[in-house]
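A short worksheet on the structure shown next.
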Amino acid sequence: LGPFHTVYDDKGYAYTSMFLDSAVARWTLGGPYASKHPEQPWTLVQKLPVQYNIGHIAAAEGDTASPDGQYVVALDKWSIDRFANVGPLMPQNFQLVDISQTGDKMQVLYDMPIGMAEPHYAQIIKAEKLKPWQVYPEIGWNPETQSVDPNAVKAGSEKIVRNGNNVEIWMSVIRSHYTPDLVELNKGDHVVWHLTSLERTPDATHGFAIPGYNINLSLEPGESQTVEFDADKDGTFPFYCTDFCSA
């Protein structure tokens with residue numbers, strides 16, 4: 001009951017999520033795929049219970065011309081009794097299912113609690129296909145434009161420029177220090193604040209927060225960002241890094 005979504009493997013099987021049954025159904029394909037499995041085409045081979053109320057389902061590279069055929073993940077909406085209860089709000093449950101063998105040999109390998117809203121679709125690819133940067137290619141990188149930002153700050157070029165009520169700040173960020181580390185504004189100023197992380201160390205992420213103005217940025221190694229606001233309050237407002245480092 002309640003078939004929702006279907007994904008595929010490399011052995012001529014399809015896998016359908018069964019919401020009301022809380023199960024993953026494995027069934028055979030026909031046509032050019034019939035020779036890949038030992039069963040009759042268009043036959044239900046196994047219905048594996050999952051915990052609980054599966055919605056979406058993801059197969060490793062299951063949306064490609066050459067599916068991996070080793071695993072599917074059941075994106076279950078309920079977990080109920082699978083984890084220690086810490087209150088009324090329970091996690092969603094992602095279950096790793098081994099589909100490497102033919103026939104009725106599917107089995108659940110692992111439960112993973114997910115602390116977010118109802119799980120929807122996911123993609124799974126082989127890790128060796130990922131070629132991520134550890135740090136951005138150049139200091140001052142803008143992830144949106146995939147290029148060096150025109151307002152990127154280099155070490156030694158930090159500055160504050162006032163033009164009437166408009167104040168523009170070019171600040172560098174590196175472990176334990178902002179440059180400049182003191183900014184004086186007048187009430188009513190319009191502020192454009194450019195920040196560039198000078199870090200080249202992988203995972204050395206820095207934050208920049210001005211709680212009084214609800215500003216909270218995260219700067220990855222080499223990243224440049226700009227924030228803009230009106231200084232419409234009197235007082236002294238600290239800015240600080242929200243990521244602990246250099247301790």
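Report the longest stretch of the chain that contains none of the GluC sites (Glu not before Pro) sitting in a DSSP loop with at most 13 other Cβ atoms within 10 Å.
Looking at the chain, 1-137 is the longest stretch - no exposed GluC sites (Glu not before Pro) with at most 13 other Cβ atoms within 10 Å.
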About the Cα centre, charge dipole magnitude for segment 79-225 (Lys/Arg +1, Asp/Glu -1 at Cβ), debye: 160
P(r) tail fraction, segment 3-129 - alpha-carbon pairs more than 22 Å apart, %: 33
Under the √(5λ) rule applied to the eigenvalues of the Cα gyration tensor, what semi-axes describe the equivalent ellipsoid of the chain? Give them in Å, descending. 53, 22, 15
For each pair in Lys47/Lys77; Lys105/Lys126; Lys159/Lys187; Lys126/Lys154, compute the distance between the two Cα atoms and list the pairs where it is over 29 Å. Lys126/Lys154
Defining a contact as two alpha carbons under 8 Å apart and six or more residues distant in sequence, what relative contact order in percent does segment 141-231 show? 28
Across 10 Å bins from 0, what is the distribution of all Cα-Cα pair distances for segment 141-231, in whole percents? 16, 52, 28, 4, 0
In what order do Trp133, Trp193, Trp78 fall by count of nearby beta-carbon atoms within 10 Å, going from fewest to most? Trp133, Trp78, Trp193
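Taken together, the values in this text are just the output of simple stated rules run on the coordinates, not laboratory data. Computed from a prediction, not measured in an experiment: that's the story for all the values here. Because the Cβ atoms are built from the backbone with ideal geometry, glycine has one as well, and the counts that use them run over all protein chains shown.
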